[in-house]
1. Would you tally the residues in the range B:166-191 being hydrophobic (A, V, I, L, M, F, W, C) and surrounded by fewer than 18 Cβ atoms within 10 Å (Cβ to Cβ)?
2. Picking from B:R299, B:R332, which residue would you name as being within 28 Å of B:L220 (Cβ to Cβ), in contact with a helix residue (DSSP H, G or I) (Cβ under 8 Å, 6 or more places away or on another chain), buried (at least 16 other Cβ atoms within 10 Å of the Cβ) and basic (K, R)?
3. Hey, can you tell me all the residues within the range B:71-103 that are basic (K, R), without any contact (Cβ under 8 Å) to a residue 40 or more places away in the chain and within 15 Å of A:G171 (Cα to Cα)?
4. Can you find even one residue in the range A:34-44 that is part of a helix (DSSP H, G or I) and of a type in the set (A, V, I, L, M, F, W, C)?
5. Might you check whether a residue that is closer than 24 Å to A:S82 by Cβ and free of Cβ contacts under 8 Å to residues at least 12 places away in the same chain occurs anywhere in the range A:114-135?
6. Please indicate, with yes or no, whether at least one residue in the range B:238-249 is surrounded by 19 or more Cβ atoms within 10 Å (Cβ to Cβ), touching a residue at least 24 places away in the same chain (Cβ under 8 Å), assigned to a helix (DSSP H, G or I) and on the phi < 0 side of the Ramachandran plot.
7. Considering only residues that are of a type in the set (S, T, Y) and crowded, with 20+ Cβ neighbours inside 10 Å, which ones fall in the range A:212-260?
8. Among the residues of the range B:50-70 satisfying the criterion of being of a type in the set (G, A, S) and at the interface with another protein chain (Cβ under 9 Å from one of its Cβ atoms), which is surrounded by the fewest Cβ atoms within 10 Å (Cβ to Cβ)?
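The values are calculated or read from the model by the stated rules, or taken from the named source; none is laboratory data. Owing to the predicted nature of the structure, the values given are computational and were not obtained by experimental measurement. Backbone-built Cβ (ideal geometry, glycine too); neighbour counts: all protein chains shown.
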Amino acid sequence: MRKLTGGLMWVVVGVVLVPLYWTLVASLTPENRLFGTPSLLPGRLVLDHYRALFEARDFWIPIRNSLVVAGLTTLLSVTLGSACAYALARMAFPGKTLTLALVLAVSMFPQISIVSPLYLVLREVGLLNTYPGLVLPYMTFAMPLTIWLLVGFFRQLPADLEEAAFMDGAGRLRTIWEVVLPISAPGLATAAILTFLYSWNEFLFALSFAMGPERYTVPVAIALFRGQYQVPWGEILAAAMVASVPVAVIILVAQRRIVSGLTAGAVKG
Amino acid sequence: MAGISLRQAGKRFPKGQVAVENLSLDIADGELLVLVGPSGSGKSTVLRLIAGLEAPSSGRIFIDGEDVTDLPPQQRDLAMVFQNYALYPHKNVRENLAFGLRMRGMAPTAIDERVSRVAAALGIDTLLDRRPAELSGGQRQRVALGRAIVREPRAFLLDEPLSNLDPLLRTGTRAELALLHRRLSATMVYVTHDQEEAMTLGTRIAVMNQGRLEQVGAPLELYERPATVFVARFVGAPAMNLWRDDEGGQPVTFGVRPHDISVVAPGSGEMDGVVEVVEPLGPQTVVHLAVPGRDELLRVMVSGTQRVNAGDCVGLRWPNDRVHVFDANGGRRA
């Protein structure tokens, strides 16, 4: 049985890793050999595509744009989302359940269905082709995610801890700052990581609301490498490898946190 | 230190459930009052009303004569020890103790001095740099107590502080709490469901049942003269023997404590019974007997040296002045 599951694991890992391996090898293969007889073992490896990516194409710009947009989205949605989630989890006010349902409802619209209205709104307020013009639309999916994740997280924190702080003389804000937030670090980290990954990989909004190369994010820039007469596969694959680096780093560093944060609200401690 | 008063306090939860009803209670300065009752009797709610963690639906609450009904917990200057201790898990013991002082704007040097003094008194001075997760249950309990003591509050509220300790540690800590109360001569309100804890600790005991006070009095007063059938059954272990009867056409309940019944030769007592179960406790033995005309077994406490065996037929005798009589509503008849 153990042998079987072990073997199955390697099959799954292989299925996942082969395309990644293929991408890596192809991104290091010279252009003229890319369409030769495919071989699993690479022949001559060159950095031509990476050099072209950063010298000819100035790939730093989309990377910077993606970092700014994904970073701002994460920062805003975790800050605002945690305040909102705390209120929904802990305080009594009329229309609480309805608010929570509305938050969820927002994330239920297919993205494509809100592209046109959002475009019109952004054009009207002059935010097309700006960072806020991407960050604000990203909040439409980042906030519901953050709020739902953190409401679950805050609810399973023992209320006694906050009451102990009240008895100790701490006001509500002081209690949130000194007690609730520090012990919510796993939940906040999970929300931040998931938001960052979604924003980093987002394509549709970025394609629709960024008008020129100076505001393209990484996914959009890669998609637009394709020229009228040729598809620079080497550079596309090199860019894909570069775009995966932050994601891979975050996942490797934070995978434990993500798992514990995602399951924290599920089971009562 | 301060006295605490509740005046016709009531708590009704939004779903209509009544936790506390029309409760008036005066807790004297320096007194250790134990609120005791089964789970759901409203005793924890009373504590939370005093703390300010719940707002009463009716009535007023006074501390030292000052109406604090509308004051938030932060401004009542009370300290609370929670059942699960509620230590701040991300702060070490020192920071846990200092937090309340820091919130009140005390100078850092004064805080250090006070924390060290209390930690030394409680024997936790070697644990100051540890986090709660690195402490044993007993140590956590001490830190929770320390966090309350260090504040020098107007009164202490303790919510079943011993229920998470193992039995051996519990009796030891119970004695320490009694000592602490005497040394600080502090006002304490202590919630428990354990009648033995209540009897041994309380200056006075308030027995609660279904959101109402059944009786308030000194421990032995409750034991000797329970005001209601509920108190009679709840206070004292093993519980009082109770049986319904008729007296001149009026339904009444008679009660006799197991300690007040003696085992004598068959036929020479008030009634005869057959021994069903014998529970030797060492100094004393609890004997359960089947008595004709009663469904429930009768409990009798005899000396540990007295030999009683299951299956024996024995006589039972008790002095007439040890019989408690309650009327149809469960109230004591003088």
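1. First, the residues of the range B:166-191 that are hydrophobic (A, V, I, L, M, F, W, C): B:168-169, B:175, B:177-180, B:184, B:186, B:188-189, B:191.
Checking the rest, the ones that are also surrounded by fewer than 18 Cβ atoms within 10 Å (Cβ to Cβ) come to B:168-169, B:175, B:178-179, B:184.
Residues flagged as hydrophobic (A, V, I, L, M, F, W, C) and surrounded by fewer than 18 Cβ atoms within 10 Å (Cβ to Cβ) within the range B:166-191 amount to 6.
2. Working: B:R332 fails: in contact with a helix residue (DSSP H, G or I) (Cβ under 8 Å, 6 or more places away or on another chain).
The unique qualifying residue is B:R299.
3. B:R102 - this is the single residue of the range B:71-103 that is basic (K, R), without any contact (Cβ under 8 Å) to a residue 40 or more places away in the chain and within 15 Å of A:G171 (Cα to Cα).
4. no
5. yes
6. Within the range B:238-249 (the criterion being surrounded by 19 or more Cβ atoms within 10 Å (Cβ to Cβ), touching a residue at least 24 places away in the same chain (Cβ under 8 Å), assigned to a helix (DSSP H, G or I) and on the phi < 0 side of the Ramachandran plot), the answer is no, since none of the residues qualifies.
7. A:Y216, A:T217 - these are the residues of the range A:212-260 that are of a type in the set (S, T, Y) and crowded, with 20+ Cβ neighbours inside 10 Å.
8. Taking the range B:50-70 as the starting set, the residues that turn out to be of a type in the set (G, A, S) are B:51-52, B:55, B:57-59, B:65.
Subset that is at the interface with another protein chain (Cβ under 9 Å from one of its Cβ atoms): B:51-52.
Values: B:A51: 21, B:G52: 24.
So the residue we want is B:A51.
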